[in-house]
Amino acid sequence: MTAVVVTVWTLVCRVDQLEPERGAAALLDGRQVALFRTHEGTVHAIDNLDPCSGAAVLSRGIVGDRGGVPTVASPVYKQVFSLLDGTCLDEPEVRVDVHEVRIRDGIVEIATPWAGR
Amino acid sequence: MTRELVVVGHGMVGHRLVAALRDRDTDGTWHVTVLGEEDRPAYDRVALSSYVDGRTEDDLSLGTHDDPLVDVRRATSVVGIDREACEVRIATGETIGYDALVLATGSVPFVPPVPGRDLLGCFVYRTLDDLDAITAAAEAAMARPGPGRRSAVVVGGGLLGLEAARAMRLLGLSPHVVEIAPRLMPVQVDEGGGALLRSLVERQDIAVRCGVSVTGIADDRGRLVAQLSDGVELDADLVVFSAGIRAADGLARATGLAVGERGGVLVDDRCRTADEHVWAVGECAALEGRTYGLVAPGYAMAEVVADRLLGGDARMTPAELDMSTQLKLLGVDVASFGDAHATTEGALPVVINDPVAGTYAKLVVSDDAATLLGGVLVGDASRYAALRPLVGAALPADPVALIAPNGVELGADALPDSAQVCSCNAVTKGALRSAVAEGAHTVGALKACTRAGTSCGSCVPLLKSILVREGVELSTALCEHFAHSRAELFEIVAGAGITTFSELVARHGTGRGCDVCKPVVASILASLGGGHILAGEQAGLQDTNDRFLANMQRDGTYSVVPRVPGGEITPDGLIVIGEVARDFGLYTKITGGQRIDMFGARVEQLPAIWRRLVDAGFESGHAYGKALRTVKSCVGTTWCRFGQQDSVGLAVELELRYRGLRSPHKIKSGVSGCARECAEARSKDFGIIATETGWNLYVGGNGGFTPRHADLLVSDVDTETLVRLVDRFLMFYVRTADRLQRTAPWIEAMEGGLDHLRAVIVDDSLGICADLEAAMAAHVASYTDEWAGVLADDEKLLRFVSFVNAPGTPDPTISFVTERGQPVPAPRTPVLIGIPEVGS
């Protein structure tokens, strides 16, 4: 038996629905994802659930950068997370999942792994 | 030629040894084989209990050695050592030769030899496998039908036992701690500290029995009964033994190596055994006859052996064996350092025990009361960082004053150069001072070049105070994006007429900003009349509270506060607030600022809630903003028999005048109608108290962390003069204060303090008063209600959605339960009650 991992791309929204340097939350099959569009126009997706507070609010944090790494600061206790790999830059043992994003025909799509056989 | 190092044990210390060796052995002189019993990568055993909170094996992992010169063999038990042949034999019969052998076998849990200790349902608390088994048993007990609480007996009331008790509680069981000593944590705390610790622990629903031992465990129809030495029998679904550890020195004994009186492989200060090829580190090593159960000495041993294997001459120093401990357990601070039990001859204990405040502090001093020997702190360990480095040094003040509330606050000044400021990494004050002299001028730079403050972090405040003492001016730069202070940025923005963050950061900063500088710039733009705070790019600068014009609460919902000027509200107004709260299912509470807070609103509900409030004539209360909050008042001459002026009328006038004014921090005010001061005006940033002929104006008061009464600025002025002075005061504050600086520290930091402030805004010594008044007049004229502004703008309304792809769907993680007739956030499971942190 070999497990086949298929990536399913879920259509989320139009890219112009995301405002530059701001976040938005999306609901994907029960999981909450926070989407961010940077100044340069790149779209990042990480988990919306803030592991430090347990509230699903990372999309409502302030977008910025630390040493050039694009970041979001949790609006609850202000820990800063890298949008590139989801690590918490203030508490290195904490991290959130990062989701693959692509933009096709002006639509933002997020990868959700689907393991079949 | 590559030599072969065999490390027996894959715990924290073994892992550190391999990492340290491979870091420094750039020529690859050693090939390392690690033999670990557990079938897992090395993990952070100090944080073991956080596994029950939901941290995973991956979270706890110390990382793998991805290195061709390191072979880690997991699930591999060593069964013998042949020192003649220089080889170890593993359970499969295979032998592995070595040039050097390091024993890092750690310890095994000590289980008292009582009958029944092997029964099903009895566990030890040492490894992730143990915790997996405990969790499974706890879940089975919780799922068992039948009435009654599910309980666990925890044998041992030391650090590990209390962690185990907390874990039992997280798993839903009622824990019962049994400790043979007369108090909890007998190694770290003394009798007085233990008594307080016990009451703090019992408050958290953990039962405690001290001075008794477990004499047997019996099976009683599927459950367990723990029999105690005082005849008591405790029912339990689980029994957890966490009564201490014993060095795992069996291999060493079997191969004829000497062990200490109380166990542990005897090693010298190089961590070498009598056999020149065999070393021992960590909990299994008995250094000069003594074993150490903390990770910091273990790490120091690992560094020494790594150095020695590469031909160095490192030795263990007494400082590295410092057993000082500071930790937070079950939310309770506990620290002990030096000779905590006053065992030195002639030692004198000085104790302050405050059972009401829940704090216990003891200092142990020499018989001439000149030298600090040690101490114990329970309930509040905030002085640990300053006291611990003083062990062995002359006392800088009376010992009572050092531990008394409002006593002497010790800074770096009190320490001699030889005192260790950072005990985790053995860095002295002298070493830090030389680092400063060599150019390390920030806390970050000091950390990088000395490693001080990089482990437990408790000495960071001392690092700051050393920097100040050495004459290094701490940078006033806002953050990495701006080299300016807030006041300087205000001047730049006002002077150059800059209207956007992008323009400001491009011309005067670097990067794209952060959660520190963006809200500051947003506030400055708003103070200068930049239009609606959610207009265009400004929306992305705002803190979440300003961005959604509501206060985010811990579950991600918001609270809503309409403005109630002066605390005066009509019955119809009250009814509207009541109806809105009822219709949207909101929790209501009266605030300290004389208004009504409605909690539990989801982000997508905010516009509908405010539509109702705005239609009824309410406007934003700016409870979410760094802005004027409220002007509290008493009823004054309107009703009160003692009132001397119309305090409500003035409060309403002032609140309406300054509403919406964005400032460095929140601003609060109050107006009292007579000297009885019912409005508590002197605890406000600006407070007004009526006199027979006019008003007294007080400034610089606040409640909060450091409560402070406001100071009298002017007395007996008429209303017009008063308003003019408040205009100047507030605008001067808005322009020149630092980020998040309330008025009290702003005035204190001013050269000349209150007198200087009075000169500037009363006597116009800088000639800026006309300008300040004009700026305030512009603010008053341009005020509009922020919520009305959102409701009239479809583009802004679009942002108030839960999900971009499901705008009306409520956040599924939000749920409520009813408490005292109102909705409150449902508790999250598991409830986090503080992960213990252990430092040394």
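The values are calculated or read from the model by the stated rules, or taken from the named source; none is laboratory data. What you see is a predicted model; the values in this text were computed from it and never measured. Here the Cβ is made from the backbone with ideal geometry for all residues, glycine too, and neighbour counts use every protein chain on show.
For segment B:532-564, the candidate set comprises residues that are under 13 Å from B:Lys518 (Cα atoms) and within 27 Å of the chain's Cα centre (by Cα); within that set, the residue that is nearest to the other protein chains (Cβ to nearest Cβ) is B:Thr544.
Within segment A:15-42, the residues that satisfy the criterion of being small (Gly, Ala, Ser), at the interface with chain B (Cβ under 9 Å from one of its Cβ atoms) and farther than 15 Å from A:Val72 by Cα are A:Ala26, A:Gly30.
For segment B:732-767, filtered to residues that are touching a Phe, Trp or Tyr at 6+ places or on another chain (Cβ under 8 Å) and polar (S, T, N, Q), the residue that is surrounded by the most Cβ atoms within 10 Å (Cβ to Cβ) is B:Thr743.
Checked against (1) under 25 Å from B:Thr813 (Cβ atoms); (2) away from chain B (no Cβ under 12 Å); (3) acidic (Asp, Glu), A:Glu93 meets all criteria but (2). Among the residues of segment B:556-579, those that are within 30 Å of B:Phe803 (Cα to Cα), at pLDDT 95 or above and in a loop (DSSP other than H, G, I, E, B) comprise B:Thr557, B:Val561, B:Arg563. Of all the numbered requirements in (1) within 14 Å of chain A (Cβ to nearest Cβ); (2) in contact with a helix residue (DSSP H, G or I) (Cβ under 8 Å, 6 or more places away or on another chain); (3) buried (at least 21 other Cβ atoms within 10 Å of the Cβ); (4) closer than 28 Å to B:Ser683 by Cα, B:Gly567 misses one, and that requirement is (1).
To keep it simple, each residue is scored yes or no on (1) under 29 Å from B:Asn702 (Cβ atoms); (2) in contact (Cβ under 8 Å) with a residue 24 or more places away in the chain; (3) touching a Phe, Trp or Tyr at 6+ places or on another chain (Cβ under 7 Å); (4) in a strand (DSSP E or B).
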position	(1), (2), (3), (4)
B:Ala581	no, no, no, no
B:Gly585	no, yes, no, no
B:Pro607	no, yes, yes, no
B:Gly625	yes, yes, no, no
B:Lys632	yes, yes, no, yes
B:Glu655	yes, yes, no, no
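Looking at the structure I just gave you, is A:Ala45 surrounded by 22 or more Cβ atoms within 10 Å (Cβ to Cβ) and at the interface with chain B (Cβ under 10 Å from one of its Cβ atoms)? No. When B:Ala381, B:Ala361, B:Ala397, B:Ala357 are screened for being surrounded by 15 or more Cβ atoms within 10 Å (Cβ to Cβ) and outside any strand (DSSP E or B), only B:Ala381 passes.
Per-residue answers, yes or no, for (1) in contact with a helix residue (DSSP H, G or I) (Cβ under 7 Å, 6 or more places away or on another chain); (2) β-branched (Val, Ile, Thr):
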residue	(1), (2)
B:Val18	no, yes
B:Leu21	yes, no
B:Asp25	no, no
B:Gly28	no, no
B:His31	no, no
B:Tyr51	yes, no
B:Asp58	no, no
B:Thr64	no, yes
B:Asp67	yes, no
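Taking each residue of segment B:178-205 that is part of a helix (DSSP H, G or I) and looking for partners that are surrounded by fewer than 22 Cβ atoms within 10 Å (Cβ to Cβ) and among the polar types (S, T, N, Q) with beta-carbon atoms closer than 9 Å, six or more apart or interchain, yields B:Gly192/B:Asn353; B:Gly193/B:Asn353; B:Ala195/B:Asn353; B:Leu196/B:Asn353; B:Leu196/B:Thr359. Counting only helices (runs of 4 or more DSSP H) that fall entirely inside segment B:688-798 and contain at least 3 residues that are of a type in the set (Ser, Thr, Tyr), the qualifying elements are B:719-736.
Just to verify a result, which residue in segment B:1-51, among those that are charged (D, E, K, R) and touching a strand residue (DSSP E or B) at 6+ places or on another chain (Cβ under 7 Å), is nearest to B:Pro68 (Cα to Cα)? Applying the filter and picking the extreme gives B:Arg22.
Each row is one residue, and each column tells you yes or no for (1) surrounded by fewer than 20 Cβ atoms within 10 Å (Cβ to Cβ); (2) modelled with pLDDT under 90; (3) over 25 Å from B:Tyr51 (Cβ atoms); (4) under 26 Å from the mean Cα position of the chain (by Cα).
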position: B:Leu173; (1), (2), (3), (4): no, no, no, no
position: B:Ala181; (1), (2), (3), (4): yes, no, yes, no
position: B:Ala195; (1), (2), (3), (4): yes, yes, yes, yes
position: B:Thr215; (1), (2), (3), (4): yes, no, yes, no
position: B:Ser229; (1), (2), (3), (4): yes, no, yes, no
position: B:Leu234; (1), (2), (3), (4): yes, no, yes, no
position: B:Asp237; (1), (2), (3), (4): no, no, no, no
position: B:Val240; (1), (2), (3), (4): no, no, no, no
position: B:Asp249; (1), (2), (3), (4): no, no, yes, no
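Checked against the criterion of being crowded, with 20+ Cβ neighbours inside 10 Å, out of contact with any Gly (no Cβ under 9 Å at 6 or more places or on another chain), of a type in the set (A, V, I, L, M, F, W, C) and under 16 Å from B:Gly593 (Cα atoms), segment B:651-673 contains one or more residues that satisfy it. Restricting A:Val57, A:Val12 to residues that are at the interface with chain B (Cβ under 7 Å from one of its Cβ atoms), more than 22 Å from B:Glu480 (Cα to Cα) and modelled with pLDDT under 95 narrows the list to A:Val12. Evaluate segment B:445-463: report whether one residue or more is touching a helix residue (DSSP H, G or I) at 6+ places or on another chain (Cβ under 6 Å), surrounded by 15 or more Cβ atoms within 10 Å (Cβ to Cβ), within 14 Å of chain A (Cβ to nearest Cβ) and in contact (Cβ under 8 Å) with a residue 12 or more places away in the chain. Scanning segment B:445-463, I find at least one residue that is touching a helix residue (DSSP H, G or I) at 6+ places or on another chain (Cβ under 6 Å), surrounded by 15 or more Cβ atoms within 10 Å (Cβ to Cβ), within 14 Å of chain A (Cβ to nearest Cβ) and in contact (Cβ under 8 Å) with a residue 12 or more places away in the chain, so the answer is yes. Number of residues in segment B:773-792 that are over 19 Å from B:His622 (Cα atoms) and not hydrophobic (A, V, I, L, M, F, W, C): the value is 1.
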